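Following: one structure in structure tokens, then a few remarks.
Where a number appears in this text, it was derived from the coordinates with a stated rule and is not lab data. Not measured: the values here are computed from a predicted model. Cβ: placed from backbone, ideal geometry, glycine included. Neighbour counts: every protein chain shown.
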Amino acid sequence: MTRRPKYPLRKLTAEDHQELERLSRASSESAACVARAKALLAVFQGHSYTGAAQASGRRSGDAVSHLVERFNQEGLAALTPRHGGGAKTQYKGGHRQQIVELAQQGPNLESDGVSQWSLSTLQRRLRAQENGDFSTVSTYTLWQVLHDAGQSWQQSRSWCKTGTALRRRKSGDVIVTDPDTEAKKN
């Protein structure tokens, strides 16, 4: 005879049951989410935690126990994977928004010395702020934040002056100027 579970599954609402059924058959969801939904449905159908783990393709009944406890507290949000390791996210919410807003403002030519942001000049500006929130921000963190916000720096030729380009010729390097630069600015 098995012992009684420490965290029994709470009563499922009709919406929860329907969503778990849908997730357990979904091919477009992550494998972890599908396996968790299958494990919860197996527990709901009366299987032990070990049996539910086997039914969902997992090994550990303890993991199912933790999943049931989390599901009782959070509901369907317990199915989505959380942070899976590595360093904790240092800059959240307001700090991320502050970085994106500064990047959208553009640099000050006099104080920053550039007319377009690069990750290193953006880093320098953030590290120079008085409050010290960004004293250790890296260019990789800035790239991640801006990438998550839908911005891409790989195609923005911010290191080139507008209207001029350095071209390599057989005779040597030549600076080529676009004659229509002023017309394009207007």
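Out of 29, 69, one residue alone is farther than 30 Å from residue 146 by Cβ and of a type in the set (Asp, Glu). It is 69.
Counting only helices (runs of 4 or more DSSP H) that fall entirely inside the range 33-144 and contain at least 2 residues that are surrounded by fewer than 17 Cβ atoms within 10 Å (Cβ to Cβ) and either touching a residue at least 12 places away in the same chain (Cβ under 8 Å) or not polar (S, T, N, Q) (or both), the qualifying elements are 61-74, 93-105, 109-112, 119-127.
Scanning the range 1-32 for residues that are surrounded by 10 or more Cβ atoms within 10 Å (Cβ to Cβ), of a type in the set (Gly, Ala, Ser) and part of a loop (DSSP other than H, G, I, E, B) yields 26, 30. Residues in the range 77-133 that are of a type in the set (S, T, N, Q) and under 30 Å from residue 23 (Cα atoms): 80, 89.
Give the number of residues within the range 70-119 that are under 30 Å from residue 8 (Cα atoms) and hydroxyl-bearing (Ser, Thr, Tyr).
Counting residues in the range 70-119 that are under 30 Å from residue 8 (Cα atoms) and hydroxyl-bearing (Ser, Thr, Tyr) gives 1.
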